[in-house]
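The values are calculated or read from the model by the stated rules, or taken from the named source; none is laboratory data. It should be emphasised that the depicted structure is a prediction, and the values quoted were computed from it without experimental measurement. Every residue, glycine as well, gets a Cβ built from its backbone with ideal geometry; the counts of neighbours run over all protein chains shown. To get the accessible areas, we keep the full protein, side chains included, count just its heavy atoms, and leave off ligands, DNA and RNA. Shrake-Rupley method; radii C 1.70, N 1.55, O 1.52, S 1.80 Å.
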Amino acid sequence: MNYDVIGDIHGQAGKLEALLAKMGYARKGLLWVPPAGRQAIFLGDLIDRGPKQLLVLETVRRMIDAGHARTVMGNHEFNAIGYLTPNPDKPGEFLRKHNARNQKQHAEFLRQVGEGSGQHEEWVNWFRTLPPFLDLGGIRVVHACWDQGHVDLVSKHFDTVRGMNEQFLHAAFQEPTPEWLAMECLTKGVEVDLPAGHTFFDHSNFERSRIRARWWLTHATHYREIALMDDDQLHRIPDLPFADQFTPGQTTGSPVFVGHYWLSGTPGIQTRKVACLDYSAAMDGPLVAYRWDGESELTDKNFIFAG
Ligand SMILES: [Mn+2]
């Protein structure tokens, strides 16, 4: 089987349909059918921000049910589960706090799905069945970072039919349990604290003191080298060597695909073993795919994008 791996969609149904059409997928009623011998692999973050989140969910779920696609769980689906799941230790509260920042990040989904509605609950139950990673043999797929130790822990608690069990879910929202660390790494990647006094502003204009790290740069030494953020903020990151707090992910073995990182510019590989396919389709960037035909080293030539 060959795979078309597709980056974060965030409710941009128009970009998804344009990309599927460009890759030769055929629309049969409400179902998109891939060319023979291919399957679509979604990197998660189907929801939040964009204008047609339910259409994206319907489209992807229909493809999965027909055996034409698979998806991993993104941090936005994981957060959506925590947002609706009561906290067993704190009556009246939820696993993910309903504070202003979390509400703002999730508001567009809640509005489109109808907060507290039957379909809200149904979609969240479906999110719970999404695997946080997929090892497909020739490629590995995860929303933000492949770390074998975390993958092994999560695979012990994830049932491919019933999804994430209650116990794991509760632990995964309790910092700093091993379950929490694992889901943080797989769905949000490796983050590194800046030296005291340094901050920057992310794409939502939140001030942050932790950077998202290019975990595939296994020999990196400086903060600015590993920092993933908008170019216009990079000058705020000190050009200093970091201490020992950066643990890179795995970059040997079969290629790894991730989304998550809001890249910009011309889509291309990070290394011959790692490709990020998130080029900010949530806002004004294109939706990006990689057409994998069995190669063990990735190439810029296999990128395709729409929007
Ligand atoms: Mn995303």
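For this structure, a couple of remarks:
- Neighbours by Cβ (under 9 Å, 6+ apart or cross-chain): first from segment 14-38, farther than 21 Å from PRO286 by Cβ and at pLDDT 95 or above; second part of a helix (DSSP H, G or I) and β-branched (Val, Ile, Thr): LEU31/THR59
- Only listed residue being within 16 Å of the ligand (Cβ to nearest atom) and open to solvent by 20 Å² or more (accessible area, probe 1.4 Å), chosen from ARG61, ARG49, ARG38: ARG49
- Qualifying positions in segment 1-10 - in a strand (DSSP E or B) and within 16 Å of the ligand (Cβ to nearest atom): VAL5, ILE6
- Of all residues in segment 121-146, those being over 20 Å from TRP215 (Cβ atoms), open to solvent by less than 40 Å² (accessible area, probe 1.4 Å) and of a type in the set (Val, Ile, Thr) number 1.
- Filtered by the rule that a residue be under 26 Å from ASP45 (Cβ atoms) and away from the ligand (no atom under 16 Å from the Cβ), segment 225-244 gives GLU225, ILE226, ALA227, ASP231, ASP232, GLN233, LEU234, ARG236, ILE237.
- Any hit, segment 244-251, residues being in a loop (DSSP other than H, G, I, E, B), without any contact (Cβ under 8 Å) to a residue 40 or more places away in the chain and open to solvent by 60 Å² or more (accessible area, probe 1.4 Å): yes
- Counted residues, segment 171-204 - those being within 18 Å of the chain's Cα centre (by Cα), modelled with pLDDT of 95 or more and of a type in the set (A, V, I, L, M, F, W, C): 8
- Segment 98-120 - residue that is closer than 16 Å to GLY11 by Cα and open to solvent by 80 Å² or more (accessible area, probe 1.4 Å) and, of those, nearest to the chain's Cα centre (by Cα): LYS104
- Among the residues of segment 60-86, those identified as among the β-branched types (Val, Ile, Thr) and within 14 Å of MET164 (Cα to Cα) are VAL72, ILE81, THR85.
- When we screen GLN103, GLN112, GLN53 for residues that are of a type outside the set (Phe, Trp, Tyr) and closer than 28 Å to PHE303 by Cβ, the only hit is GLN53.
- The residues on offer are LEU55, LEU43, and the sole one that is without any contact (Cβ under 8 Å) to a residue 60 or more places away in the chain and among the hydrophobic types (A, V, I, L, M, F, W, C) is LEU55.
- Test: residue in segment 3-11 that is surrounded by fewer than 21 Cβ atoms within 10 Å (Cβ to Cβ) and modelled with pLDDT of 95 or more: no
- Residue that is surrounded by the fewest Cβ atoms within 10 Å (Cβ to Cβ) [pool: residues in segment 252-277 that are among the aliphatic types (A, V, I, L, M) and under 19 Å from LEU136 (Cβ atoms)]: ILE269
- Qualifying residue in segment 68-91 (condition: open to solvent by less than 50 Å² (accessible area, probe 1.4 Å), of a type in the set (Lys, Arg) and either at pLDDT 95 or above or touching a helix residue (DSSP H, G or I) at 6+ places or on another chain (Cβ under 7 Å) (or both)): no
- Filter result for TYR290 (surrounded by 20 or more Cβ atoms within 10 Å (Cβ to Cβ) and away from the ligand (no atom under 16 Å from the Cβ)): yes
- If you go through segment 218-243 and keep only what is assigned to a strand (DSSP E or B) and open to solvent by less than 30 Å² (accessible area, probe 1.4 Å), you end up with ALA227, LEU228.
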